[in-house]
Amino acid sequence: MITNQKELIVILQPEGSYELDWQDIADKLDDSTYIFQEELYNRFVDNAGDTLLFLGFAERALSTSDSLLFLKKIAAAFIKKLTESPDLELMRDHVKVELEADESQQLLDSVPYLFGAEHLNEDWIKQVWTKLTHAFSAIIRNYEGTVEQYLSSMNPNVHLVGRVFFHLVESKKEEFPFAYMATYAAEVSQEGKSKHLPLKNALVEYGKNSKKLLELLSTVNRASERSDFIAELVESGEIFHPIGLSADEAFTFLKEIPLYEEAGILCRIPKWWKQRSSGFKLAVSVGEKPPSHLDFAALVDFNAELFLAGEAIQASEIRKLLSEAEGLSFIKGKWIEVNHARLQETLKAYEQAQKLMNNSELSMVDALRFQLNAAEVLNIPEENLALEVTNGDWLHSVIERLTHPDTIEAIDCGEDFHASLRVYQERGLSWLHYMKSLGLGACLADDMGLGKTVQVIALLNYIRSQKNEKTLLVVPASLIGNWLGEIQKFAPSLRVYVIHPSENKNLNELDSSILQGNELFITTYGMLLKYDWLVQNQWDCLILDEAQAIKNPGSKQTKLVKQVKAAYKIAMTGTPIENRLSDLWSLFDFLNKGLLGSAKEFTSFTKRLRENQDGYTRLKQVVSPFILRRLKTDKSVISDLPEKIEMKSYATLTKKQVILYNKLVNELRDKLESTDEGIERKGLVLASLMKFKQICNHPDQYLGQHFYAEEESGKYARLREICEMIYEKRERVLIFTQFKEITEPLKDFLETVFQHKGLVLHGGTAVHKRQELVAKFQGQEYVPFMVLSIKAGGVGLNLTSANHVIHFDRWWNPAVENQATDRAFRIGQMKNVIVHKFITKGTIEEKIDLIIEDKNKLSQEIIPELQENWITEMDNKQLMGLFKLS
């Protein structure tokens, strides 16, 4: 059930598509917003295209999410353009509503952080626009009333504009430097375009007293009731003729445009009036020259200048303008609005900037942050300040390299590195090293499956080859095995020490010989809470894997991580870090403290984002140089990435699992010694094999209990970590198991991770029910996961909405696993599929996986009918070596 403490968010999909989903929020929504959101969501499940129109007609924004407001902005822009079509009543379902390039760019410039932002570009906006056009055409084609009636039924305040246009243009005449004329839209051509004629022609076409003429002039009458200027033109009859206007009269006209538009009149005016905020401007440049040394505390230069319409202007010239009357002035060959309040604020800001230039230099963090807090630094209200902040030559060159890694000088992977990196991984390595040389913290946020780990290992191996440095790597406990395996595979000469009781017991302090004898120290977030010396030691480099672990700035864990001293910091995450702005602040408070200000300052900034949408653009400009995020879907970056990526995910047994596992090993040893060769022995081995798999899954599955506590299973911990990342991107996943009895417990657990209901399909699911489950999983509503028994779900299903497949327990038969994987990865799949194969470290799962990988010992695909029978052919010594926990 949806509650008042959930808000609707938008998840962008490729090709102009989108999904709606619910997100928890701290404060309760008011009842009207709650009801509106529920209606919107129900409409979306029925018809996504019509939902867009409904959203665009919504009278007020309500307190909905920023992503939903952005979608509303697109739909509202469409409806506004629709109502501005003077021939809409005649054209009806054949109307063409054009989206201009600058209008599309304005929408893109105002985009907030949202899910699926990687799909957003001009083409995406155009496709949404096309869908809105089709949705309107389909509705109005079958609507029996007028278009005006339809618009009123959707929103009483939305009206068609009239057919009258007011035009204002510049003139060459000295006395009347502007010209005004009114026109009207006459008959429609075959191309669907109306012909514009001077308004006086309507007197001839309709006659003075005709009903049609009165209808045409209704919008002019409404405008004259609100404007003395238009009333005088109507009274004198000049409304029907072209006339010259003085600068004061033109200024009056321009200021009253909102009144005319509310009355239903379209206005055509010079572009400079629409862009008049760019008239007088304070331009600040930071970082023209390189600082004396490179680190986050380095001082950079700062310069401020005044500009008028792109040309430098002196402060004395602005003071002179302040002594003259407000209005339109022709200055340096251009018409400019002279607004005393804005001029005073701009001059005040310039004088404040001059003091900063004369008295101090900016640190690099201040320079990079200046985009966000310039108004605050200059002590000027942001809404009154026309300010442009640019980077000087040196800082611009740095930002260019950071945002275009292909321009950074490449480095190698160091000595004894056993892998060939892909081009994008080589660029990632160079980018990480360049950030290190600048003393700036780096966020490596490549999509899951693109090899963040190998890029970081390559960096550490390069550093090892150059100098002796000490790196602390903090990971979730479940990832220790993954890191050790990858290091052994790619950089075996890198000396590693694990600070965790699973690998080393005596950890109350770090012996100096251990510190000197190793380059990389791997620990967990939990160990930081346990050992003070980890936090107090000075490290050359600090790396956080699954850095979303510090997204909560108030948690003890996050505060402790931020106390660790290090010259260089790296945060690794496969999830978008922008989905919640508080998460973004916490991450950058770790990487480059002060860049986004204090928590209080950043909260104040984010609260103003709805009123000042360009704030999102400025925020992205500040943080994007520090984030390297490549996506599997970006063919321009990764042209040869396989559509299916397979990766092993290692889990560590919990204490309870270890005890049960060792006990079963001992029992099996005793039984094997007293059992003869033949059917009985074979049955014993196969039965034990199933029991070991159950223990590796969860102790309660083996014991036949029903609690399935998360903390008692290493696989559950790893499942949470992976699925949290999947949920952060609002993607979908299939989880395969060979055990029917664990499908429901897995479903119950995953619903706590995804905060959504999931689906289960196994051998006991009725045939007619299966197609209902498939339709629901593939449908509009976000269903994040489906748990399937591998036999029931391995064939005959089309589940291409999923882009992740998890094999929770292994069939040890690649042919069967691949058949199951292909429920998602098949013809028609629009997304890359990542296959996660779960393996518990040190158990029979890891050992058999190694045997399967060794093509010299066993063919790559075991014949399906044999299943695990080949294991029963081993002798007792081989079997105990296979089953024994290592």
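The values are calculated or read from the model by the stated rules, or taken from the named source; none is laboratory data. On a predicted model such as this, the values are computed, not experimentally measured, just so you know. Note: ideal-geometry Cβ built from the backbone for every residue, glycine included; neighbour counts use all protein chains shown.
Worth pointing out:
- Residue check for residue 380: free of Cβ contacts under 8 Å to residues at least 40 places away in the same chain and under 40 Å from the mean Cα position of the chain (by Cα): yes
- Among the candidates 460, 450, 444, residue that is crowded, with 20+ Cβ neighbours inside 10 Å, under 30 Å from residue 723 (Cβ atoms), over 23 Å from the mean Cα position of the chain (by Cα) and hydrophobic (A, V, I, L, M, F, W, C): 460
- Looking only at the stretch 761-813, and only at residues there that are modelled with pLDDT under 80 and within 26 Å of residue 20 (Cβ to Cβ), the one that is nearest to the chain's Cα centre (by Cα): 800
- Residue list for the stretch 616-656, restricted to those being over 30 Å from residue 585 (Cα atoms) and in contact with a helix residue (DSSP H, G or I) (Cβ under 6 Å, 6 or more places away or on another chain): 650, 651, 652, 653, 654, 656
- With respect to the stated conditions, residue 707 is free of Cβ contacts under 8 Å to residues at least 24 places away in the same chain, over 28 Å from the mean Cα position of the chain (by Cα) and surrounded by fewer than 21 Cβ atoms within 10 Å (Cβ to Cβ).
- Taken across the stretch 400-421, residues that are aromatic (Phe, Trp, Tyr), assigned to a helix (DSSP H, G or I), surrounded by fewer than 22 Cβ atoms within 10 Å (Cβ to Cβ) and not assigned by TED's automatic domain parsing to the domain that holds residue 389 do not occur at all.
- Of the set (1) surrounded by fewer than 17 Cβ atoms within 10 Å (Cβ to Cβ); (2) over 39 Å from the mean Cα position of the chain (by Cα), all apply to residue 336 but (1).
- Among the candidates 440, 429, the residue that is aliphatic (A, V, I, L, M) and farther than 30 Å from residue 282 by Cβ is uniquely 429.
- Criterion violated by residue 396 - all others in (1) farther than 30 Å from residue 304 by Cα; (2) outside any loop (DSSP other than H, G, I, E, B); (3) out of contact with any Leu (no Cβ under 9 Å at 6 or more places or on another chain) satisfied: (1)
- Qualifying residue in the stretch 439-451 (condition: out of contact with any Lys or Arg (no Cβ under 6 Å at 6 or more places or on another chain) and part of a helix (DSSP H, G or I)): no
- Test result for residue 469, assigned to a loop (DSSP other than H, G, I, E, B) and either in contact with a Gly (Cβ under 9 Å, 6 or more places away or on another chain) or at pLDDT 85 or above (or both): yes
- The stretch 225-255: number of residues that are free of Cβ contacts under 8 Å to residues at least 12 places away in the same chain and either within 48 Å of the chain's Cα centre (by Cα) or in a loop (DSSP other than H, G, I, E, B) (or both): 2
- Verdict on residue 282 being surrounded by 17 or more Cβ atoms within 10 Å (Cβ to Cβ), in a strand (DSSP E or B), over 35 Å from the mean Cα position of the chain (by Cα) and at pLDDT below 85: no
- In the stretch 491-580, counting only helices (runs of 4 or more DSSP H) that sit wholly within it, the ones holding 1 or more residues that are surrounded by fewer than 20 Cβ atoms within 10 Å (Cβ to Cβ) and acidic (Asp, Glu) span 532-536.
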